[in-house]
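The values are calculated or read from the model by the stated rules, or taken from the named source; none is laboratory data. Being a predicted model, the structure only gives us computed values, none of them experimental. Positions of Cβ are generated from backbone atoms using ideal geometry, with glycine treated the same way; all protein chains shown enter the neighbour counts. Areas reflect the complete protein model, heavy atoms only, side chains present, ligands, DNA and RNA absent. Shrake-Rupley method; radii C 1.70, N 1.55, O 1.52, S 1.80 Å.
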Amino acid sequence: MIHDQADYTREGEAVHEPLLSEKGEETVDVREESPLPDELTREELTLPAPSEPEIARHYTRLSQMNWAIDSGPYPLGSCTMKYNPKFTEDVAADPNAAVHPDRPDRSVQGNLELQYRLQEFLADIGGMDAVTLQPPAGAAGEFTGILIAKAYHDHHGNDRSEVVIPASAHGTNFATAATAGYDVVELPSGEDGRVDLEALEAAVGDETAALMLTNPNTVGLFERDIAAIADVVHDAGGLLYYDGANLNALLGRGRPGDMGFDVMHYNVHKTFATPHGGGGPGAGPVGVTEELAEFLPSPRVRETNGEKGYERFEPAESIGKVHGFEGNWLVLVKAYAYIARLGDGGLRDAAAKAVLNANYLAERIDLAVPHGPFHHEFAATAGDRDAADVAKRMLDFGVHPPTTKWPEMVPEAMLTEPTEIENRSSLDDLAEAFDLAYADADEALETAPNRTAAARIDQVGAARNPRLSWQALDEE
Ligand SMILES: *Cc1c(COP(=O)(O)O)cnc(C)c1O
């Protein structure tokens, strides 16, 4: 059964939640001895004066105006919204976890051990030989990985100018290659949505520094020719980069390293249930094979030689730093806690359920193209409807819609990834919302959403003329 949005939303009307200051203010005396000059200090300050329940209600209501994985399914293909288990928050909130990163190695052995073990876990999961935890997001991991590839080629005196990327790849791949100074060679997808080997052979050559590949790819299809793809790239002297955003489908079942990849990133927020960065702290560790390990960012953590313990060190040909210290440490603590709690069996199980859920949903809504079987996600098409309209209408039926209009190779795409966290009844809710929205009248689609805290937003206006403060809104 599709359930209603929170009761306080009213059809066709935006919900107004007053500012705390609109509910009552109080002026307090803030005179104190201050080292600052008088013109920079004040004697009184007017502050909101809510009671404790008012504060709790205010923030609870605000939190309900936005969609959250804690309030319903969130099948955002490729962006993978996983539930963040609360026990990982508890682990990261342990005061012993938050130590100053400048403390000497001998006084933070527990933290270094955790970093070391996380490096080892990730290396093992990816089939890589060495890992850095430093990059702060998947995209930053890509950039780090391609800089490592560049350092490797430079070190061996190979002057190479191109990175090959399939047309279906995530936008960050193109941005990464260009930002690292490479020319991007775009590879058209084959008929079946996968890499076309002939097109690959034509695209790869003496100038190829690397091929960046997502496997399973961004429409949820496994690149079955991966061994042949790796041979083509390696025979030309290039490196194979694995975009780890879709690693969920392979956990405990297949390893990029075994497929021939030389360097990869891990999106811990997509695969290991840490919060999305969203402009705040995230993490995108990078794994590499033995030949590339000396180029990794500094510092890394290793076991000390001889006596028992751990130490930080700088790899011999390190590309330097891509973030302060060891990256966003507490996010990494959560990833460690999640992997340690699930163990080998739990990770394998998560992959199986992610794949099963995607295929169950694809089968139920019958809009997927190309046809499966899929891995952890699939692209549905809204056909002759506008994917964005269908998506907005889905919000009215109590679920968050999938990613829309991407990848571009699928017309009116709705890229859907339920993840392993949803059970059958919530997948059925999703399928029902898809079907209802897809079949709805034009007028209903064009005006949707009607039952959310904010009605349809002018997305172009919001991007082109953002009003970034409350005052700017007030002035109008
Ligand atoms: C999400 C994603 C990225 C970028 O990762 P962020 O952690 O969001 O920076 C790269 N490639 C693919 C395929 C993705 O889905």
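Among the residues in region 356-377, are any closer than 18 Å to residue 81 by Cβ, open to solvent by 40 Å² or more (accessible area, probe 1.4 Å), touching a residue at least 24 places away in the same chain (Cβ under 8 Å) and outside any helix (DSSP H, G or I)? Looking through region 356-377, at least one residue is closer than 18 Å to residue 81 by Cβ, open to solvent by 40 Å² or more (accessible area, probe 1.4 Å), touching a residue at least 24 places away in the same chain (Cβ under 8 Å) and outside any helix (DSSP H, G or I). Filter region 102-121 for residues that are touching a helix residue (DSSP H, G or I) at 6+ places or on another chain (Cβ under 8 Å) and not acidic (Asp, Glu); which is surrounded by the fewest Cβ atoms within 10 Å (Cβ to Cβ)? Among residues in region 102-121 that are touching a helix residue (DSSP H, G or I) at 6+ places or on another chain (Cβ under 8 Å) and not acidic (Asp, Glu), the one surrounded by the fewest Cβ atoms within 10 Å (Cβ to Cβ) is 117. Name the residue that is farthest from residue 230 (Cα to Cα), counting only residues in region 253-279 that are away from the ligand (no atom under 12 Å from the Cβ) and open to solvent by 10 Å² or more (accessible area, probe 1.4 Å). Only one residue fits best here, namely 253. Do we have residue 280 as modelled with pLDDT of 95 or more, in a loop (DSSP other than H, G, I, E, B) and either touching a helix residue (DSSP H, G or I) at 6+ places or on another chain (Cβ under 8 Å) or over 20 Å from residue 163 (Cβ atoms) (or both) here? No: the conditions fail for residue 280.
Of all the criteria given as (1) at pLDDT 90 or above; (2) closer than 30 Å to residue 329 by Cα; (3) surrounded by 13 or more Cβ atoms within 10 Å (Cβ to Cβ), the one not satisfied by residue 71 is (1). Got at least one residue in region 329-348 being within 30 Å of residue 380 (Cα to Cα), touching a helix residue (DSSP H, G or I) at 6+ places or on another chain (Cβ under 8 Å) and open to solvent by less than 40 Å² (accessible area, probe 1.4 Å)? Taking every residue of region 329-348 in turn, at least one turns out to be within 30 Å of residue 380 (Cα to Cα), touching a helix residue (DSSP H, G or I) at 6+ places or on another chain (Cβ under 8 Å) and open to solvent by less than 40 Å² (accessible area, probe 1.4 Å). The residue that is nearest to the ligand (Cβ to nearest atom), among those in region 164-179 that are among the hydroxyl-bearing types (Ser, Thr, Tyr) and modelled with pLDDT of 95 or more, is 172. Screening region 74-87 for residues that are over 26 Å from residue 388 (Cα atoms) and modelled with pLDDT under 95 and picking the one that is most open to solvent (accessible area, probe 1.4 Å) gives 86. Somewhere in region 430-442, is a residue touching a Leu at 6+ places or on another chain (Cβ under 8 Å), aromatic (Phe, Trp, Tyr), open to solvent by 10 Å² or more (accessible area, probe 1.4 Å) and over 21 Å from residue 83 (Cα atoms)? There is at least one residue in region 430-442 that is touching a Leu at 6+ places or on another chain (Cβ under 8 Å), aromatic (Phe, Trp, Tyr), open to solvent by 10 Å² or more (accessible area, probe 1.4 Å) and over 21 Å from residue 83 (Cα atoms).
Evaluation of residue 226 against the conditions (1) under 20 Å from residue 409 (Cβ atoms); (2) of a type outside the set (S, T, N, Q); (3) surrounded by 22 or more Cβ atoms within 10 Å (Cβ to Cβ) shows that the sole unmet condition is (3).
Of the helices (runs of 4 or more DSSP H) entirely within region 168-236, those holding at least 2 residues that are within 26 Å of residue 251 (Cα to Cα) occupy 171-179, 226-235.
Those helices (runs of 4 or more DSSP H) of region 77-157 in which 1 or more residues are within 26 Å of residue 220 (Cβ to Cβ), more than 16 Å from the ligand (Cβ to nearest atom) and not basic (Lys, Arg) occupy 109-126.
Of the numbered criteria (1) open to solvent by 20 Å² or more (accessible area, probe 1.4 Å); (2) at pLDDT below 95; (3) closer than 26 Å to residue 171 by Cβ, the one residue 397 fails is (3).
When the criteria are applied in full, residue 293 meets the requirement of being under 22 Å from residue 210 (Cβ atoms) and not in a loop (DSSP other than H, G, I, E, B). The single condition from (1) open to solvent by less than 10 Å² (accessible area, probe 1.4 Å); (2) on the phi > 0 side of the Ramachandran plot that residue 134 fails is (2). Would a scan of region 458-468 turn up a residue that is open to solvent by 100 Å² or more (accessible area, probe 1.4 Å), farther than 22 Å from residue 65 by Cβ and either among the aliphatic types (A, V, I, L, M) or part of a helix (DSSP H, G or I) (or both)? Yes, some residue in region 458-468 is open to solvent by 100 Å² or more (accessible area, probe 1.4 Å), farther than 22 Å from residue 65 by Cβ and either among the aliphatic types (A, V, I, L, M) or part of a helix (DSSP H, G or I) (or both). Scoring residue 354 on the criteria (1) over 21 Å from residue 424 (Cα atoms); (2) in contact with a Ser or Thr (Cβ under 6 Å, 6 or more places away or on another chain) leaves a single failure, condition (1).
Scanning region 137-172 for residues that are surrounded by 24 or more Cβ atoms within 10 Å (Cβ to Cβ), in contact with a helix residue (DSSP H, G or I) (Cβ under 8 Å, 6 or more places away or on another chain) and not small (Gly, Ala, Ser) returns 142, 146, 148, 163, 164, 165.
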